[in-house]
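To keep things clear, I will list the structure first and then write my remarks on it.
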Amino acid sequence: SQCHQKIKKLLGLDKFNNQQQDSAEALRAIITSIEKLFKDNKTVFQNLFINSLKQHFKSTHSNKTTTKNESEIALALPISTKNQITLQELITNYTEEKSIQDHKEYNRQKTSLVSYPEILIIQLKRGHYNNGVLEKNSSPV
């Protein structure tokens, strides 16, 4: 219907051409459309939706470190393989120092959450690759 098309356009979903998208892509389209409404006042939008993060990288071989500031609309939290985990445990896991494999200079990374928005969007990342095959983790959170 015409009303349905107007709503899809307003929410930024018209660009998907009736193709199924994952929830994260649809959410980003909706948030991007909302951001356009705040084009004259970016601070209000950032206070409502943007997480401020710091990525800390270090090399245990050369003791070299660097920090990168990031802004994210959603906290993408991977779910561990535990049978049951709390949201607080997921956030703690997200901010713990981790080994990184595919970086040429650094082999350790830690994420710090600098500030939370008024509307915190959390994406639970249930999918992970195991020997090239995407598997879904159905553990309750």
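Where a number appears in this text, it was derived from the coordinates with a stated rule and is not lab data. What you are looking at is a predicted structure, and each value in this text was computed from that prediction instead of being measured. Every residue, glycine among them, receives a Cβ derived from its backbone with ideal geometry; neighbour counts consider all protein chains shown.
Could you check the simple spin-label distance between Q101 and L113, using points 7 Å along Cα→Cβ, in nm with one decimal?
The two pseudo-label positions are separated by 2.7 nm.
Taking the chain as a Gaussian network, Cα atoms linked when under 10 Å apart, which of S99, S115, S71 shows the biggest mean-square fluctuation?
Greatest mean-square fluctuation among the candidates belongs to S99.
Restricting things to alpha carbons, find the Rg to Rh ratio for region 45-115 using the Kirkwood radius for Rh.
Reported Rg/Rh (Cα atoms, Kirkwood Rh): 1.02.
Sequence-distant or interchain residues sharing an amide H contact under 5 Å with Q123, placed H: which?
Long-range HN contacts for Q123: L75, A76, L77.
Give me a comma-separated list of calculated 3J(HN,Hα) values for region 54-62, in order, Karplus coefficients 6.51, -1.76, 1.60 applied at θ = phi - 60°, integers in Hz, x for any Gly or Pro.
In residue order, the calculated couplings are 10, 9, 9, 10, 8, 10, 6, 7, 10 Hz.
Rounded to the nearest 10 degrees, what's the angle between the helix 23-37 long axis and the longest principal axis of the chain, both from Cα atoms, 0 to 90?
Tilt relative to the chain: about 60 degrees.
If you look at just the Cα atoms of the chain, how large are its Rg and its Dmax in Å?
Spelled out, the Cα radius of gyration and Dmax of the chain are 18.4, 62 Å.
May I ask you to derive the FRET efficiency for N63 and E89 from their Cβ-Cβ distance with R0 = 25 Å, giving the value to the nearest 0.05?
0.20
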